[in-house]
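Enquirer: Okay, here's the structure, questions in a sec.
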Amino acid sequence: VIILAFESSCDETSVAVVKNGTEVLANIIATQIKSHQRFGGVVPEVASRHHVQQIIRCTDLALKTAAVGYQDLAAVAVTYGPGLVGSLLIGLMAAKTISWAHNLPLIGVNHLAGHIYAANLVKPLKYPAMALVVSGGHTELVQVSEPGEFTILGDTRDDAVGEAFDKVGRMLGINYPAGKTIDQWAHEGQDTFEFPRAMLEEHNLDFSFSGIKSAVINTLHHAQQVGKTLNKKDIATSFQKDVVEILTTKTRWALEQYPSQQLIVAGGVAANNGLRTSIQQEFGSQLEVIFPPLRLCGDNAAMIGAFAYIKYQKQQFSDLTLNADPSLDFAYLQEQ
Ligand code: ATP
Ligand code: MG
Ligand code: FE
């Protein structure tokens, strides 16, 4: 079963060809980061225009790379939320057009289910699986009890972890997106700052990163006022160490309560080296830990094709009225 998949929820235009939900035949990713950097974040209008310019080129390239034609496809899949509405609409329009023109079933995919199923492209999921989703807009602990069956165990109450990385990075003078540079600095500096880890005092599985983010920003402001220069690499080191500790601790609590066959770490922040090391050390001997390769951690259409296969098997198709749902909540996954 070969599925053509589209992802255009944010600032990556991606088109992939995925076989049986496990094998990537092509995964074309056109990133727009350069166009957004001078604004310090993603500008929705700019993002939409890029998607329009890139999507046909990416589609042609994906089919060519995979060496398949429309007649070889079983379905067309597309992210319909969450994300930027204008951006989502471009992917939807492309997918719907192909679905209609080539008489192929259409599959709407939740972007976050896609992030989790990126793991399926590394190794088939084993159920029940525990997923730690750490991305630009989300921080969640999710139990996957069966294929496509999700239960949210912990959620973010304010800032997502990637957002915290980006905001702290901005204060440190790092270009958007800042996660990767903070990660590098964190291996060059020393852990000399103490920031609050309030969430660890509450014994639940929810996350909050606004406290630690504000503490870092206050520390920097205060130093500025008294004319003191702080070692930015030390701040990055201390910040990352605390964030990794919060993520690792809450994951441990989740695994204690919900015995799992696999632990999946998904989303853009799963690229973080400190997090990878900590999670691997902590849980590697206890269960199978899957970190998708970097290319599959960030936004990409292969992960959308991976999850679409689950919906294909359940014959969960959409019709051409499928619309963008910018605030498609992770909670919706539970109702599907
Ligand atoms: P969502 O998936 O929640 O809709 P998104 O798609 O914008 O949000 P992703 O593309 O999955 O998010 O991830 C982007 C985030 O990952 C950015 O915040 C970026 O700073 C962060 N990131 C990337 N690499 C690293 C790293 N090595 N360490 C920490 N954070 C990182
Ligand atoms: Mg992105
Ligand atoms: Fe994402």
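The values are calculated or read from the model by the stated rules, or taken from the named source; none is laboratory data. If you're wondering where the values come from, they're calculated on a predicted model, not measured in any experiment. Note that each Cβ is placed from the backbone with ideal geometry, even for glycine, and that neighbours are counted across all protein chains shown.
Enquirer: Report the residue count in segment 28-45 for those that are under 16 Å from the mean Cα position of the chain (by Cα) and either surrounded by 24 or more Cβ atoms within 10 Å (Cβ to Cβ) or not aliphatic (A, V, I, L, M) (or both).
Expert: 1
Enquirer: Filter segment 9-46 for residues that are touching a residue at least 24 places away in the same chain (Cβ under 8 Å), among the charged types (D, E, K, R) and assigned to a helix (DSSP H, G or I) and give the result.
Expert: The one that is touching a residue at least 24 places away in the same chain (Cβ under 8 Å), among the charged types (D, E, K, R) and assigned to a helix (DSSP H, G or I): Glu45.
Enquirer: With the requirement that a residue be part of a helix (DSSP H, G or I) and touching a residue at least 12 places away in the same chain (Cβ under 8 Å), what does segment 258-285 give you? Lay out the reasoning, then the answer.
Expert: The first filter runs over segment 258-285 and keeps only residues part of a helix (DSSP H, G or I), leaving 268-271, 273-283.
Those that are part of a helix (DSSP H, G or I) and touching a residue at least 12 places away in the same chain (Cβ under 8 Å): Gly268, Val269, Ala270, Ala271, Asn273, Gly274, Leu275, Arg276, Ser278, Ile279, Glu282, Phe283.
Enquirer: If the requirement is being within 16 Å of ligand 3 (Cβ to nearest atom), modelled with pLDDT of 95 or more and part of a helix (DSSP H, G or I), which of these qualifies: Gly162, Gly169? Write out each step before concluding.
Expert: On the way: Gly169 fails: within 16 Å of ligand 3 (Cβ to nearest atom).
Testing whether each residue is within 16 Å of ligand 3 (Cβ to nearest atom), modelled with pLDDT of 95 or more and part of a helix (DSSP H, G or I) leaves just Gly162.
Enquirer: So Ser87 clears everything in (1) of a type in the set (S, T, N, Q); (2) under 19 Å from Tyr312 (Cα atoms); (3) under 19 Å from the mean Cα position of the chain (by Cα); (4) in a helix (DSSP H, G or I) except one condition, right? Which one?
Expert: Result: Ser87 passes all but (2).
Enquirer: For segment 99-111, state whether one or more residues are assigned to a helix (DSSP H, G or I), in contact with a helix residue (DSSP H, G or I) (Cβ under 7 Å, 6 or more places away or on another chain) and of a type outside the set (Lys, Arg). So that I can check it myself, show each step before the final result.
Expert: Step one: of segment 99-111, the residues assigned to a helix (DSSP H, G or I) are 99-101, 111.
Next cut, in contact with a helix residue (DSSP H, G or I) (Cβ under 7 Å, 6 or more places away or on another chain) only: none.
The answer is no; no qualifying residue exists.
Enquirer: Would you please name the residue that is surrounded by the fewest Cβ atoms within 10 Å (Cβ to Cβ), looking only at residues in segment 184-231 that are part of a loop (DSSP other than H, G, I, E, B) and of a type in the set (A, V, I, L, M)? Reasoning before the result, please.
Expert: Filtering segment 184-231 for residues part of a loop (DSSP other than H, G, I, E, B) gives 186-197, 202-206, 208-209, 226-231.
From the residues that got through so far, the ones that are of a type in the set (A, V, I, L, M) too are 186, 205, 226, 230.
Numbers: Ala186: 23, Leu205: 18, Val226: 6, Leu230: 15.
Step by step, filter segment 184-231, then rank; the result is Val226.
Matching residues to (1) away from ligand 1 (no atom under 16 Å from the Cβ); (2) surrounded by fewer than 24 Cβ atoms within 10 Å (Cβ to Cβ):
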| position | (1), (2) |
| --- | --- |
| Val52 | yes, yes |
| Asp60 | yes, yes |
| Val68 | yes, yes |
| Ala77 | yes, no |
| Leu84 | no, yes |
| Ile98 | yes, yes |
| Leu106 | yes, yes |
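Enquirer: Taking the conditions exactly as written (in a loop (DSSP other than H, G, I, E, B), buried (at least 18 other Cβ atoms within 10 Å of the Cβ) and out of contact with any strand residue (DSSP E or B) (no Cβ under 6 Å at 6 or more places or on another chain)), does Pro124 satisfy them or not?
Expert: Values: in a loop (DSSP other than H, G, I, E, B): yes; buried (at least 18 other Cβ atoms within 10 Å of the Cβ): no; out of contact with any strand residue (DSSP E or B) (no Cβ under 6 Å at 6 or more places or on another chain): yes.
Against the criterion (in a loop (DSSP other than H, G, I, E, B), buried (at least 18 other Cβ atoms within 10 Å of the Cβ) and out of contact with any strand residue (DSSP E or B) (no Cβ under 6 Å at 6 or more places or on another chain)), Pro124 does not qualify.
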